[in-house]
Each structure stands twice: as C-alpha cells, then as structure tokens.
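Contents: one structure, followed by commentary.
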Amino acid sequence: MHHSIEAKPYPFEFDPGCCALLIIDMQRDFLEPGGFGEMLGNDVSQLRRTIEPNRELLAAWRANQLPVIHTREGHRADLSDLPPSKKMRGKGNKTIGDDGPMGRILVRGEPGQDIIPELYPVPGEPVIDKPGKGAFFATDLGAILSHMGITQLVVTGVTTEVCVNTTVREANDRGFNCLVPEDCVGSYFPEFQRMGLEMIKAQGGIFGWVTHSSAILSKLPLL
Ligand code: TIU
C-alpha cells in the first residue's frame, strides 16, 4: 500500500514494503571533537541538531519493523584502500590514520569511526563500511538492497552536501527514489545545507524529494 508523504517538489509515494532507511555516517568522527570532521577544520557542534530527529525517526522505523541500513566512512587499518589524494587533502598536521583522542582517525574498528551511541545499530541492521563519500562506491550496498527488494530510500545523516548528496546521486542513477528529511541531515556550513537540499529537489526532483521528518512520522505507525 502506498502512503503519500508531503514533500518537495511534490508528494512522495511511500511504499513501506520496499523502502529502507539509509543513515549516512552518523559517526563520532564527524559529530564529536577530535575526529575527522574537526581535523578538516570544521565546528562539529553544527551537526548535533540532527541526532534527536534521527533518533525519533529510527525508533518509529524500527517499531514498524521496516529495514534500516547504516553506513560508516572509513579505511582499512593498513590504509591500503585510502587514495593518496584523500590522504593528502586538507594539508593539516593530522591526516587519516593518525592517532587522535578517539583512536586512529577514520580507521575501521577505532572508537571514532564507529556510530554515535544515540543511533547505534541493532542486530539485523546492515552496516556498510565505505571508503568514499558515496555509499555505493566499493561497497556491497547495491547487492544488499537488491536482495531486500528495496526500490525507495529515506536518506539521512551527515553531511548534507558531501556524503548524503553523493549517495543520493549514486542511488538516483541506479533507479532508486530517494526522500531526504531536511531536519535529519546536517552540514558544517548553513549555506551548503540549504543549497544541498535545493540541488536534490530542483528541476522537478532531479535527484529526489525533500521533506521534514514530521511528514514521515505522520504516516507511522503504518495502518
Ligand atoms: N567533510 C564533510 O563534510 N564530509 C565528509 O567528509 N564525509 C561525510 O560527509 N560523511
């Protein structure tokens, strides 16, 4: 059964039987001091307003037994999947793989690379470790979604213009319909937050739809 969710540029036809919640990179490395986000010169407090709306949406999603997938940006401990170009970027005195207060920066298995406790995955929720910004690049996300019969994605997380936008674009090219709740995505830069969302919904929904989590929550629990 379809449920029409109020969205821009026009209502999103939510089909709970084939829609997954995809939570992008809600990691300590992006949301807490001492991690990758701060290493790049950002004020991590900018992103923390996304935690509570994500927590509420995740709770409602789980209560309705709908599928959830989490992603984490990060690299192998030996950094063999780290492009030299990405290691060099930023020109700061710290780089990916260096020691920080939450362990080695953006390295899999380190405390900083893990998901924040407020949104921690539960058993049965796939966690996709990705080396890039897009969640489809060099991961098994596409195969997992195909096996699950998923054709729609509600995409949340950080940051709006980087990993969320890249993933929505990748998903759009692969035939997925993507809905982005604006209060559940965040940027270190207010103007990028606004334009990142504009870019998704412009031109008749060139990459997808934008809504508010309240519009999704109004359809849950499912009738
Ligand atoms: N720097 C920045 O805004 N974002 C990232 O590097 N990764 C994600 O967005 N996850």
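Grab the beta carbon distance between residue 120 and residue 6, set R0 = 25 Å, and tell me the FRET efficiency rounded to 0.05.
Values: r = 30 Å, r/R0 = 1.20.
With R0 = 25 Å, the Cβ-Cβ based efficiency is 0.25.
Simple spin-label model, 7 Å along Cα-to-Cβ: residue 85 to residue 66 in nm?
3.6
Could you tell me the largest-minus-smallest coordinate of the C-alpha atoms of the stretch 109-186 on each of the three principal axes, in descending order and whole angstroms?
34, 27, 21
What is the distance in Å between the Cα centres of the stretch 6-57 and the stretch 195-223?
Cα centres, the stretch 6-57 to the stretch 195-223: 13 Å.
Of all the C-alpha pairs in the chain, what % are more than 29 Å from each other?
22
Strictly greater than 19 Å: what percent of every Cα pair in the stretch 33-146 meets that?
53
Pick out, in residue order, every one of the trypsin sites (Lys or Arg not before Pro) in the stretch 93-171 that is DSSP loop and has at most 15 other C-beta atoms within 10 Å; say none if there are none.
Listed in order of number, the matching sites are 94.
Over the C-alpha atoms of the stretch 31-86, what are the Rg and the largest Cα-to-Cα span, Dmax, in Å?
Radius of gyration, then largest Cα-Cα span, for the stretch 31-86: 15.6, 43 Å.
Along Cα→Cβ, 7 Å out, is where each label goes; now give me the distance between the ones at residue 93 and residue 59 in nm to one decimal.
4.3
How big is the equivalent ellipsoid of the stretch 93-223 along its three axes, where each semi-axis is √(5λ) from the Cα gyration tensor, reported in whole Å from largest to smallest? Numbers along the way, then the final one.
On the way: eigenvalues 133, 70, 52 Å².
In descending order the semi-axes read 26, 19, 16 Å.
May I ask you to sort 166, 71 by Cβ crowding, counting other Cβ atoms within 10 Å and putting the fewest first? Walk me through the intermediate numbers first.
Working: 166 18, 71 25.
Ascending number of Cβ neighbours within 10 Å: 166, 71.
Comparing 37, 124, 149, which has the greatest mean-square fluctuation in the GNM of the chain with Cα pairs linked when under 10 Å apart?
In this elastic network of the chain, the residue with the biggest mean-square fluctuation among 37, 124, 149 is 124.
How much mean residue ellipticity at 222 nm does the chain get from its helices, if each DSSP H run of length 4 or more adds -39500 (n - 2.57) and you divide by all residues, to the nearest 500 deg cm²/dmol?
After summing the helix terms and dividing by the residues of the chain, the value is -7500 deg cm²/dmol.
Report the relative contact order of the stretch 121-223, percent, no decimals, based on alpha-carbon pairs under 8 angstrom and at least 6 residues apart.
23
Running a GNM on the chain with Cα contacts under 10 Å, which residue among 187, 85, 146 ends up with the highest mean-square fluctuation?
85
What is the Cα coordinate range of the stretch 158-223 on the first, second and third principal axes, sorted by size from largest, in whole angstrom?
36, 27, 20
For the pair residue 191 and residue 108, how long in nm is the line joining their label points, each one 7 Å along Cα→Cβ?
In this crude spin-label approximation the distance works out to 3.7 nm.
Could you work out which residue, out of 20, 60, 171, moves most in a Gaussian network model of the chain, that is, has the largest mean-square fluctuation with Cα springs under 10 Å?
With Cα springs under 10 Å in the chain, the top fluctuation among 20, 60, 171 is at 60.
What does the net charge come to around residue 197 if you take all other residues with beta carbon closer than 12 Å to its beta carbon, with K and R at +1 and D and E at -1? Walk me through the numbers on the way to the answer.
Values: positive: 8, 194, 201; negative: 161, 182, 183, 191, 198.
Residues near residue 197 contribute -2 overall.
Pop the C-beta distance of residue 78 and residue 52 into the FRET formula with R0 = 45 Å and round what comes out to the nearest 0.05.
Calculated value: 0.75.
None of the figures in this text is laboratory data; all of them are computed from the coordinates on show. Just so we're clear, the structure is a prediction, and the values are computed from it rather than from any experiment. Note that we place each Cβ from the backbone using ideal geometry, even for glycine, and neighbour counts take in every protein chain shown.
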